[in-house]
1. As an exercise: evaluate A77 against (1) more than 15 Å from V110 (Cβ to Cβ); (2) at pLDDT 90 or above and give the number of the one condition it does not meet.
2. I need a count of the residues in the stretch 31-78 that are within 24 Å of E98 (Cα to Cα) and of a type in the set (D, E).
3. Identify the single condition in (1) surrounded by fewer than 14 Cβ atoms within 10 Å (Cβ to Cβ); (2) modelled with pLDDT under 90; (3) within 15 Å of the chain's Cα centre (by Cα) that D62 does not satisfy, given that it satisfies every other one.
4. Give me a count of the residues in the stretch 1-55 that are surrounded by 14 or more Cβ atoms within 10 Å (Cβ to Cβ), of a type outside the set (A, V, I, L, M), touching a helix residue (DSSP H, G or I) at 6+ places or on another chain (Cβ under 9 Å) and within 17 Å of S108 (Cα to Cα).
5. How many residues are within 20 Å of I67 (Cβ to Cβ) and either at pLDDT 90 or above or not polar (S, T, N, Q) (or both) if we restrict to the stretch 93-127?
6. Among the numbered criteria (1) under 13 Å from the mean Cα position of the chain (by Cα); (2) aliphatic (A, V, I, L, M); (3) at pLDDT below 85, which one does A130 miss?
7. Taking the stretch 82-103, which residues are more than 14 Å from the chain's Cα centre (by Cα) and of a type outside the set (A, V, I, L, M)?
8. Report whether or not R107 is at positive phi and in contact (Cβ under 8 Å) with a residue 40 or more places away in the chain.
Amino acid sequence: MGHVDEVTDAERAAAEGLEAALRPAIVAAWHASPGRGPGAAIVAGYADHISLRLERDLGGIDPNAVIVCVTHRHAVADALLLADEYELAAALGHCDPEAIPVMLCARSHVAMVYLHRAPSGATVVKGGRA
């Protein structure tokens, strides 16, 4: 697995599009899970890439399917370390307990996304770059 400087603009755009498309499912899965909280994380993206990164058989799920699942945060940290993504693993260790940590498996690379609640009274609009 590469480092941030090796991610092309096209790969970054594809990952951003994937995250945006999955965001409602990510939030719904998080809030529906009894296991959510500081010890949990979301893994989202292409099933074949998730299976590879987590070193788990996903039990008959179409490898080309796009899925969202809640897992243990340590499983995500281990996957990041195995992919030599030390900076991403370290950042996960300092994740705000109120955030939803998401390991996005975008086929060509792994990205970490942290979803936070909008501040009270904030205006939320679609689009833009953080």
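1. (1)
2. Residues that pass the stated criteria total 1.
3. All conditions pass for D62, except number (3).
4. Residues in the stretch 1-55 being surrounded by 14 or more Cβ atoms within 10 Å (Cβ to Cβ), of a type outside the set (A, V, I, L, M), touching a helix residue (DSSP H, G or I) at 6+ places or on another chain (Cβ under 9 Å) and within 17 Å of S108 (Cα to Cα): 4 in total.
5. Total meeting the criteria: 15.
6. Unmet for A130, out of (1) under 13 Å from the mean Cα position of the chain (by Cα); (2) aliphatic (A, V, I, L, M); (3) at pLDDT below 85: (1).
7. Hits for the stretch 82-103 are D84, Y86, E87, G93, H94, D96, P97, E98.
8. yes
The values are calculated or read from the model by the stated rules, or taken from the named source; none is laboratory data. This structure is a prediction, so every number in the text was calculated from the model and none was measured. When we count neighbours, we look across all protein chains shown, and the Cβ atoms used for this are built from the backbone with ideal geometry, even at glycine.
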